[in-house]
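Accompanying notes for the structure given below.
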Amino acid sequence: MVFQYTNAFVTIASVNYETLATFYTKLLEQKPVLLIPNVYAEFNLVSMRLGIFKPKNTNESEFEASAKSKISLCLEVSDLEDAIAHLTALGYPPPGDISIASHGREIYAYDPDGNRVILHQAGRKSH
């Protein structure tokens with residue numbers, strides 16, 4: 001049998017579904033394109049889909065924050081300072097400083113569940 005992957009997207013499970021869905025609605029400045037109240041919210045980003053879902057009660061303990069996640073949601077932005085100000089206005093200021101890397105500037109932040117969100121501004125390419 002031959003098949004192709006037709007799409008890929010990131011989902012975040014949260015027992016605090018409403019808080020997280022509201023946070024990403026405000027952070028991304030868009031309403032979900034797919035919404036099943038108290039169950040699932042999906043956002044379309046430029047090159048990715050982000051889904052927030054509430055796990056079924058039978059396996060909730062699997063999704064409770066017991067350790068820091070090794071996965072990061074990296075959002076590329078056009079102006080890092082504006083993105084930091086927006087996140088701070090939402091009540092989730094990044095705890096550290098901007099770091100400089102070969103690929104640009106970035107800062108770590110965290111959503112209401114403690115998931116790592118990296119705000120990244122690409123370095124300008126010289127010609």
Q: Quick one: count up the residues across the range 24-43 that are surrounded by 14 or more Cβ atoms within 10 Å (Cβ to Cβ) and out of contact with any helix residue (DSSP H, G or I) (no Cβ under 9 Å at 6 or more places or on another chain).
A: 4
(Q) When you check Pro95 against the structure, is it assigned to a loop (DSSP other than H, G, I, E, B), under 14 Å from the mean Cα position of the chain (by Cα) and at pLDDT 90 or above, yes or no? (A) no
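The values are calculated or read from the model by the stated rules, or taken from the named source; none is laboratory data. Please read these numbers as outputs of a predicted model, since none were measured by experiment. Cβ atoms come from the backbone with ideal geometry, glycine included; neighbour counts cover every protein chain shown.
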